[in-house]
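A quick write-up on the structure given underneath.
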Amino acid sequence: MINCDNEILYRVLRQYWGYDEFLPWQKEAMECVLTLRDSVVILPTGGGKSLCFQVPAMCMSGMALVVSPLISLMKDQVDSLKNAGVPAAFINSSMSSEEHRSCLADIRQDRIKILYIAPERLVMDSFIELLKQTKLSFIAVDEAHCISMWGHDFRPEYRELKTLKEVFPNINIHSYTATATELVCHDICKELNLISPKILTGSFDRPNLTYRIKHRDNVFDQICSVITNHNSESGIIYCIRRTDVDNLCSRLNQKGYKALPYHAGMMDQARRENQEAFINDRVDVIVATVAFGMGIDKSNVRYVIHAGMPKSLEHYQQETGRAGRDGLESECCLFFSYSDLMAWQRIMGDSDSETGKIALNKLNDMYNFCIDTTCRHRAILTYFGQRLDTQNCGACDACLEEPELMIDSIVIAQKIISCVVRLKNSDKGASSFGSAYIGRVLTGSRDQRILQASHDKLSTWGILTSEGKQNIRIWIEQLVMQGYLKRDDEYKTISVSEKGWCVIKNNETPRLTKPLKIHPERSLPQIATWEGVDNGLFNTLRVLRRNLAEEQNVPAYIVFGDSALKDMAMRRPSNLKEFLNVNGVGQKKWEIYGDIFVKAIVDYCTTNSIEMDTMPAPVITKASGNSSLSGVKPLAFELFSQGCSVNEAADKLDRATSTVFGYLEEYIRQEKLTSPAPWVDEKTFHLILEAADKVGVDRLKPIFDSLNGEISYDLIRISRACVG
Ligand code: ADP
Ligand code: ZN
């Protein structure tokens, strides 16, 4: 039994990774490894799972085996480890036989501390024989949910790992996943035959992410408005299909945004180049299928857009998890439609098998999550079996934008429900219809099928024309969710439930929402800070990093992560000794890069007369918790009170102008200003007021449209703040 000694963990963490603190649960997870107790570690994406096994591997004698499902990622992970001075290697089918032989020789000579391997190879007899002659420290199973049918990424080859405990009875097994459901955890323990495992579960809440989930309605505009709000910040847009990726990407480029595609249909080389361009900030926007993002360590992704609905909440959590890894405020917008549900069902195909049914249930849960109108943070946590302690999360559309209910919900519901009844009565044979058809009847469509069936003669034909098809589809979904209408599982047709009849009799009032606003209109919660970071220096160091990475032909983050550069641009070390204190600078990187980075810092600071060797700001752990800091907003308010322009304030605060406009809106509301001067000139203000008079102040888009798109949303937004 090894005595668990925290000292050694801290020492190794600093020496190789250059970090001083553990993220939540990392220490406990590492202690399990050192004290020889099997474990299941459940942390959200970005929670720092890799270090949970990499650090102990460097504290123990022998070689750690890491089972990992993704061959494509092994190389990056191993490169990254080697660059930090950790003797690591991988074995997979992409290697040449020469590389393979040389790796086996390294293993035999105990030269490897961490070996990555795919599950199917691990259980091969010849390999087991080799391992039996090797001293193993422990086995880590990464992405352990792949072993469970209840997970979202079941891989049959993981089932082979069952035999590991028989073959290596004295070796501990530690498993890591971001899937937190109990069934999955239970399966992991059972399938790996873990012996009284310690189960560690971190919080799945990501308080720095603001979730917004809207019906899709001219998705291109919806996407553009999010990108515009995050001018020159990094963002990922996920699409369901490859063709959507290509289409969206070329439309964005036509419109002047710089975006690159990423999907499995592209050549490896092109894909890699696009990913690197994104990681290195040469391009702001990447449009991708879900294949993108696994294993990339880009911490400054400020927004994730889903142009279509993912197929499970696990996927949603994982993909949105790629935003805001640095703990800074970030936004996640999902634009969905009922057709996504249909599209996924088609893609999933036959759902008779058990795994097929599970996938279908997950898909339905995802759809219900989308059309729900309650707190998103809470809904996600509930799904993963956790609780949210606060009433109002302050970071989701439901909590921020209080979905407004239609005053005449009951009348609208009655119209929709009676249309369903009339349609049923009108048609003797095929007596049920789907929501799209019902929507078309209500909006007075002269569609061939409607005319043929004489449904244009029904009294409910066209009675909701002014509301628009899109809204009617939303309301039908809400009536289904609330149990007033029923949807047949197989044929997707809609019928009226008993509860629905109560609406007709005026005994029940459904909750139908006004269409949700598309545009983010609020500043996000303050989580971590860029206070004290010199933006110019940060950018200089990024360029330096990019050049070094290109020279060495590795991704930029393998040289240093953004958080390390940020810390350099804050501390501004003038010598090698100070440089070693930078968060993210371990011994090896200090030796390789110390001189060149210190020189760049000294040059920059001397040229710009900027102080060096400053005291570090308080460390803010990036993990969940309620560590909210409100540093920037008060400063912004202070600047506005001095009449500072938005651009100036954005520069000073190192925030995107969109964020600063958000602060300005809040400032105007708080101070109850009645004129937006000096931020909007008088003539523009008047034009906006005139338009608002015509189309109302509730929504920005009608005002924007009525001004022919000539005045920006930001100006409209802050002008509106002066009048209500
Ligand atoms: P996961 O596998 O859980 O998604 P990773 O292991 O990729 O997460 O870690 C996410 C990010 O957090 C990486 O950039 C990693 O370098 C960083 N990280 C991990 N542990 C620490 C720590 N103790 N201090 C600071 N950053 C850390
Ligand atoms: Zn909420």
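The values are calculated or read from the model by the stated rules, or taken from the named source; none is laboratory data. Predicted, not measured: the structure shown is a model, and the values here were computed from it. Methodologically, a virtual Cβ is constructed for each residue, glycine included, from the backbone with ideal geometry; neighbour enumeration extends over all protein chains shown.
The number of residues in region 340-372 being surrounded by 19 or more Cβ atoms within 10 Å (Cβ to Cβ) and within 16 Å of ligand 2 (Cβ to nearest atom) comes to 2. Summed over region 325-339, residues that are at pLDDT below 90 and more than 16 Å from ligand 2 (Cβ to nearest atom) total 7. Scanning region 471-493 for residues that are at pLDDT 80 or above, closer than 13 Å to TYR437 by Cβ and part of a loop (DSSP other than H, G, I, E, B) yields a single hit, THR493.
Kindly evaluate ALA270 against the criterion of being touching a residue at least 12 places away in the same chain (Cβ under 8 Å), surrounded by fewer than 16 Cβ atoms within 10 Å (Cβ to Cβ) and in the same structural domain as CYS333 (by TED's automatic domain parsing). No; evaluated as a whole, the condition is false for this residue. Every listed requirement among (1) over 20 Å from THR210 (Cβ atoms); (2) in contact with a helix residue (DSSP H, G or I) (Cβ under 8 Å, 6 or more places away or on another chain); (3) at pLDDT 85 or above is met by GLU665 save one, (1). If you go through region 579-605 and keep only what is part of a helix (DSSP H, G or I) and over 17 Å from PHE538 (Cβ atoms), you end up with GLN587, LYS588, LYS589, TRP590, GLU591, ILE592, GLY594, ASP595. Listed by first and then second residue, the pairs with beta-carbon distance under 7 Å, at least 6 apart or on different chains, first residue in region 356-385 and without any contact (Cβ under 8 Å) to a residue 12 or more places away in the chain, second away from ligand 1 (no atom under 16 Å from the Cβ), are GLY356/MET348; GLY356/ASP350; LYS357/SER351; ALA379/PHE369; ALA379/ASP372.
Evaluate the following for ASN368: is it more than 16 Å from ligand 1 (Cβ to nearest atom) and either within 20 Å of the chain's Cα centre (by Cα) or at pLDDT 90 or above (or both)? Yes; evaluated as a whole, the condition is true for this residue.
The rows are residues; the columns are (1) assigned to a strand (DSSP E or B); (2) modelled with pLDDT of 90 or more; (3) buried (at least 19 other Cβ atoms within 10 Å of the Cβ).
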| position | (1), (2), (3) |
| --- | --- |
| LYS75 | no, no, no |
| LEU81 | no, yes, yes |
| VAL86 | no, yes, yes |
| SER93 | no, no, no |
| SER102 | no, yes, no |
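Within region 556-589, the residues that satisfy the criterion of being surrounded by fewer than 20 Cβ atoms within 10 Å (Cβ to Cβ), of a type outside the set (Lys, Arg) and either assigned by TED's automatic domain parsing to the domain that holds SER234 or over 30 Å from the mean Cα position of the chain (by Cα) (or both) are SER574, ASN575, LEU576, GLU578, LEU580, ASN581, GLN587.
Scan region 43-85 residue by residue and report those that are of a type in the set (Asp, Glu) and within 13 Å of ligand 1 (Cβ to nearest atom). The answer is ASP76, and nothing else. Of all residues in region 424-452, those that are more than 23 Å from ALA413 (Cα to Cα) and surrounded by 12 or more Cβ atoms within 10 Å (Cβ to Cβ) have Cβ atoms under 6 Å from Cβ atoms of residues that are at pLDDT 85 or above and of a type outside the set (S, T, N, Q), 6 or more apart or on another chain, in ASP447/ARG440.
For first residues located in region 485-507 and under 11 Å from ILE417 (Cα atoms), partners that are among the charged types (D, E, K, R) and assigned to a strand (DSSP E or B) and lie 6+ apart or on another chain with Cβ distances below 9 Å form the pairs ILE494/LYS486; ILE494/ARG487; SER495/LYS486; SER495/ARG487; VAL496/LYS486; SER497/LYS486; GLY500/LYS486.
A quick yes/no check of all residues on (1) within 35 Å of the chain's Cα centre (by Cα); (2) of a type outside the set (S, T, N, Q); (3) assigned to a loop (DSSP other than H, G, I, E, B):
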site: THR374; (1), (2), (3): yes, no, yes
site: GLN391; (1), (2), (3): yes, no, yes
site: ILE417; (1), (2), (3): no, yes, no
site: VAL421; (1), (2), (3): no, yes, no
site: ASN425; (1), (2), (3): no, no, no
site: ALA436; (1), (2), (3): yes, yes, no
site: GLY439; (1), (2), (3): yes, yes, no
site: SER445; (1), (2), (3): no, no, yes
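Of the set (1) within 22 Å of LEU131 (Cα to Cα); (2) outside any helix (DSSP H, G or I); (3) over 29 Å from the mean Cα position of the chain (by Cα), all apply to VAL33 but (2). Within region 136-181, being more than 14 Å from ILE42 (Cβ to Cβ), among the β-branched types (Val, Ile, Thr) and in a strand (DSSP E or B) holds for ILE139, ILE173. Those strands (runs of 3 or more DSSP E) of region 189-257 in which 1 or more residues are surrounded by 23 or more Cβ atoms within 10 Å (Cβ to Cβ) occupy 209-215, 234-238.
The set of residues in region 381-401 being crowded, with 19+ Cβ neighbours inside 10 Å, more than 10 Å from ligand 2 (Cβ to nearest atom) and under 11 Å from ASP205 (Cβ atoms) consists of LEU381, PHE384.
So that you can scan it fast, the table gives a plain yes or no per residue for (1) basic (Lys, Arg); (2) farther than 29 Å from ASP79 by Cα; (3) touching a Gly at 6+ places or on another chain (Cβ under 6 Å); (4) not assigned by TED's automatic domain parsing to the domain that holds LEU70:
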{"residue": "LYS132", "(1), (2), (3), (4)": "yes, no, no, no"}
{"residue": "ALA140", "(1), (2), (3), (4)": "no, no, no, no"}
{"residue": "ALA144", "(1), (2), (3), (4)": "no, no, no, no"}
{"residue": "SER148", "(1), (2), (3), (4)": "no, yes, no, no"}
{"residue": "ASP153", "(1), (2), (3), (4)": "no, no, no, no"}
{"residue": "GLU157", "(1), (2), (3), (4)": "no, no, no, no"}
{"residue": "GLU166", "(1), (2), (3), (4)": "no, yes, no, no"}
{"residue": "PRO169", "(1), (2), (3), (4)": "no, yes, no, no"}
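Restricting GLY18, GLY62, GLY48 to those that are touching a strand residue (DSSP E or B) at 6+ places or on another chain (Cβ under 9 Å), in the same structural domain as PRO169 (by TED's automatic domain parsing) and more than 16 Å from ligand 2 (Cβ to nearest atom) reduces the list to GLY62.
Pull up region 104-130, narrow it to residues that are modelled with pLDDT of 90 or more and of a type in the set (Lys, Arg), then point me to the one that is farthest from the chain's Cα centre (by Cα). For region 104-130, the residue satisfying everything is ARG108.
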